Amino acid sequence: MRRMIRYLASVFYKPLLVKWLSKERKYSYRDIHLVIHPQVFHPGFFFSTKILLRHLAGMDLAGKKLLELGAGSGLISIAATKAGAIVTATDINPVAVDQLRLNSQLNKTSLTLIHSDLFELIPLQPFDIIVINPPYYFEEPLTPKDHAWYCGRNGEYFHGLFKNLSNYIDQNTVILMILCEGSNRSGIQAIARENRFEFDCIKTTRNLIERNYIYQIHTLPVHNVGSTVKQDEKDIIIQSEKQ
């Protein structure tokens with residue numbers, strides 16, 4: 001059934017959505033009001049942003065140093081700031097950074113904004129919380145907007161992410177990432193393990209289109225360095241996510 005719904009959405013809904021998103025739009029989420037540039041990921045028409053928002057709403061963010069990598073329009077970063085977090089918001093897309101600045105001003109919030117490719121221009125420091133809504137698909141980004149969707153043919157985004165992540169965490173850092181069922185989750189997890197990180201699926205949500213998974217990412221013990229995700233481990237991961 002969900003496969004049929006996805007097909008119908010791709011044929012009828014997606015073309016209308018693409019046309020509608022080709023212009024600047026206003027969007028509101030509760031008490032947050034945003035202007036969404038057509039070159040920036042729109043949080044209102046895709047599930048991942050709001051799933052992460054609902055999860056963060058159950059956390060105590062007051063006084064916590066929070067980093068959002070790939071903040072896009074800034075919805076998560078602004079919500080976290082309103083909840084008392086000290087937020088650093090970054091994006092590789094310069095248009096998104098401009099929108100972050102505009103939307104932060106519109107909502108009277110104070111963020112540290114950085115135009116950066118992953119950690120490249122972020123000063124070394126440990127964060128209490130790192131939130132990642134990554135590009136899911138293993139294709140080459142050809143435009144700045146594409147970086148919200150495509151992580152490179154060989155997952156270059158994830159190689160860069162996990163290679164440098166340890167420089168921005170301590171033993172208490174909470175690292176959250178959301179992935180959908182259509183993404184190459186086993187491939188992403190394999191890249192993580194090569195860099196001494198593992199995934200723990202802490203929440204699964206399901207809608208008519210897809211499943212989404214929130215993962216908490218942990219460092220692996222030193223003796224597991226270089227290990228790979230075996231097929232039986234993949235099966236266990238997938239089975240646990242279906243429950």
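The values are calculated or read from the model by the stated rules, or taken from the named source; none is laboratory data. Note that the structure is a prediction, hence the values are computed from the model and not measured. Neighbour counts are summed over all protein chains in view; Cβ atoms, including those assigned to glycine, are modelled from backbone coordinates with ideal geometry. Keep in mind that these areas ignore ligands, DNA and RNA; they rest on the heavy atoms of the full protein, side chains included. Shrake-Rupley method; radii C 1.70, N 1.55, O 1.52, S 1.80 Å.
Taken together, the criteria exclude Ile169 from residues that are aliphatic (A, V, I, L, M) and either touching a helix residue (DSSP H, G or I) at 6+ places or on another chain (Cβ under 9 Å) or open to solvent by 70 Å² or more (accessible area, probe 1.4 Å) (or both).
I'd like the full set of residues that are among the hydroxyl-bearing types (Ser, Thr, Tyr) and open to solvent by 10 Å² or more (accessible area, probe 1.4 Å), limited to segment 55-102. So that I can check it myself, show each step before the final result.
Applying the first criterion (among the hydroxyl-bearing types (Ser, Thr, Tyr)) to segment 55-102 yields 73, 77, 81, 88, 90.
Selection gives Thr81, Thr88.
With respect to (1) touching a Phe, Trp or Tyr at 6+ places or on another chain (Cβ under 8 Å); (2) open to solvent by less than 40 Å² (accessible area, probe 1.4 Å), the lone exception for Ile214 is condition (1).
Among the residues here, Phe127 does not qualify as in contact with a His (Cβ under 8 Å, 6 or more places away or on another chain) and surrounded by 15 or more Cβ atoms within 10 Å (Cβ to Cβ). Can you pull out the residues in segment 146-158 that are surrounded by 17 or more Cβ atoms within 10 Å (Cβ to Cβ) and within 15 Å of the chain's Cα centre (by Cα)? Once the filter is applied, which keeps residues that are surrounded by 17 or more Cβ atoms within 10 Å (Cβ to Cβ) and within 15 Å of the chain's Cα centre (by Cα), segment 146-158 yields His147, Ala148, Tyr150, Cys151, Gly155, Tyr157, Phe158.
Mind listing whichever residues of segment 108-118 are open to solvent by 10 Å² or more (accessible area, probe 1.4 Å), part of a loop (DSSP other than H, G, I, E, B) and either of a type in the set (Ser, Thr, Tyr) or touching a helix residue (DSSP H, G or I) at 6+ places or on another chain (Cβ under 8 Å) (or both)? Steps first, please.
So the first thing to find is which residues in segment 108-118 are open to solvent by 10 Å² or more (accessible area, probe 1.4 Å), and the list is 108-115, 117-118.
Right, trim to part of a loop (DSSP other than H, G, I, E, B) and you get 108-111, 117-118.
Listed by number, the residues that qualify are Thr109, Ser110, Leu111, Asp117, Leu118.
Screening Lys163 on (1) under 15 Å from Gly70 (Cβ atoms); (2) open to solvent by 70 Å² or more (accessible area, probe 1.4 Å) shows it passes everything except condition (1).
Considering the conditions (1) farther than 18 Å from Ser77 by Cα; (2) of a type outside the set (Lys, Arg); (3) open to solvent by 70 Å² or more (accessible area, probe 1.4 Å); (4) not in a loop (DSSP other than H, G, I, E, B), Gln105 is excluded by exactly one of them, (1).
Across segment 64-90, the qualifying residues are those that are of a type in the set (S, T, N, Q) and at pLDDT 95 or above, and the one among them that is nearest to Gln125 (Cα to Cα) is Thr88.
Looking only at segment 128-139, how many residues end up being within 16 Å of the chain's Cα centre (by Cα), assigned to a loop (DSSP other than H, G, I, E, B) and either without any contact (Cβ under 8 Å) to a residue 60 or more places away in the chain or more than 15 Å from Leu161 (Cα to Cα) (or both)?
The initial filter retains those residues of segment 128-139 that are within 16 Å of the chain's Cα centre (by Cα), namely 129-138.
Narrowing further to those that are assigned to a loop (DSSP other than H, G, I, E, B): 133-136, 138.
Imposing the further condition that a residue be either without any contact (Cβ under 8 Å) to a residue 60 or more places away in the chain or more than 15 Å from Leu161 (Cα to Cα) (or both) reduces the set to 136, 138.
The total comes to 2.
When Asp200, Asp232 are checked against the criterion of being modelled with pLDDT of 95 or more, open to solvent by 40 Å² or more (accessible area, probe 1.4 Å) and out of contact with any helix residue (DSSP H, G or I) (no Cβ under 9 Å at 6 or more places or on another chain), Asp200 stands alone in meeting it. Listed by first and then second residue, the pairs linking a residue in segment 210-222 that is farther than 18 Å from Leu165 by Cα to a residue that is part of a loop (DSSP other than H, G, I, E, B), with Cβ atoms under 8 Å apart and 6 or more places separating them unless they lie on different chains, are Glu210/Glu181; Glu210/Gly182; Arg211/Glu181; Asn212/Glu181; Tyr213/Glu181.
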